[in-house]
1. Which percentage, to the nearest 5, of the DSSP beta bridges contained in the stretch 4-113 is antiparallel?
2. Taking the number of other C-beta atoms within 10 Å as the exposure measure, put 36, 186, 43 in order starting with the fewest.
3. Report the full-extension gain for the segment residue 147 to residue 161: residue separation times 0.36 nm, less the Cα-Cα distance, to one decimal in nm.
4. In debye, nearest 20: dipole of the chain around its Cα centre with unit charges on the Cβ of K, R (+) and D, E (-)?
5. Taking θ as phi - 60°, what are the ³J(HN,Hα) couplings along the stretch 29-35 by the Karplus curve (6.51, -1.76, 1.60), each to the nearest whole Hz, with x for Gly and Pro?
6. Within the chain, what percent of beta bridges assigned by DSSP are antiparallel, to the nearest 5?
7. In debye, nearest 20, what is the charge dipole magnitude of the stretch 196-256 about its Cα centre with +1 on Lys and Arg Cβ and -1 on Asp and Glu Cβ, if you could check?
8. Quick one: if you stick a label point 7 Å off each Cα along the C-beta vector at residue 34 and residue 100, how many nm between them?
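Rule-based calculations on the coordinates, nothing more; no lab input. As the structure is a computational prediction, the values presented were derived from the model and not from experiment. Note that we place each Cβ from the backbone using ideal geometry, even for glycine, and neighbour counts take in every protein chain shown.
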Amino acid sequence: MAQVRFGGKLADETIIVIPARLASTRLADKVLADIHGVPMIVHVWRRACEAEIGKVVVACDDPAIAAAIMAAGGNAQLTNPDHPSGSDRISEAIGALDPDRRYQRIVNVQGDLPTIDPASLRAALDLLDEPAVDIGTIAAEITDESERTNPNVVKVFAGFAPDARRARALAFTRATAPTGDGPLYHHIGLYAYRRAALERFVSLPPSPLEKRERLEQLRALEAGMRIDVALVDTVPLGVDTAADLERARSLLVPAD
């Protein structure tokens, strides 16, 4: 079979997996919330398809989510509803979908990011071109002063050289950091994993700093895994509340 390249990557080596669960503490059934007549998870799936870097699958815990994706023409994989994280969910899905280990690069896109820029997926995946990188992720420079002190805005320590668009992630925190003059960077929870890195990550127990900061990416750093971060220009809207949902509806253009 001929190999098809999307954005410089072999599509038959890359898969995008969108973990989605029906339960939500602040917004009931949010991944199925209506946005201009389309469930939110379908909007996320469409953005992922637009990245054109490989197959897209929604890893979900409920048949209603799978039905919504399949009705839109997509692929879904049912998984155990009791997974503690999206990383565990995508790991199960990949094991079921690809026992022959065809896919070696896995992009993890959260199911509540209906405004995600497809270019952000490509930026994270491009970081894996460096063989030493285990995990790629993305961040944007903070321009809203209130975000600097907001603990819900996760910051990444990364020493970007002048005009550089990628750097090694040294730490992640909810605090206002680093100190001193210079920009702060808003971490966006989108990841590109090497398959071996994902398998190692989900096999590790939660780490001390992970539990303290409530940031699972710290588990990887504490285990000595390398995470690189790419700068992107936009922060996608994460839908957690009814107000977020209304904002998503205002940002997304209804289909004709």
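1. Taking every DSSP beta bridge within the stretch 4-113, about 20 percent pair in antiparallel fashion.
2. Taking fewest neighbouring Cβ atoms as first place, the list is 36, 186, 43.
3. Net length gain for the segment: 2.8 nm.
4. It works out to roughly 420 debye.
5. For the stretch 29-35, the Karplus curve yields 6, 4, 5, 9, 4, 6, 10 Hz.
6. 55 percent
7. Numbers: 8 positive and 11 negative charges, 55 e Å.
Computed about the Cα centre, the dipole is about 260 debye.
8. In this crude label model, residue 34 to residue 100 measures out at 4.3 nm.
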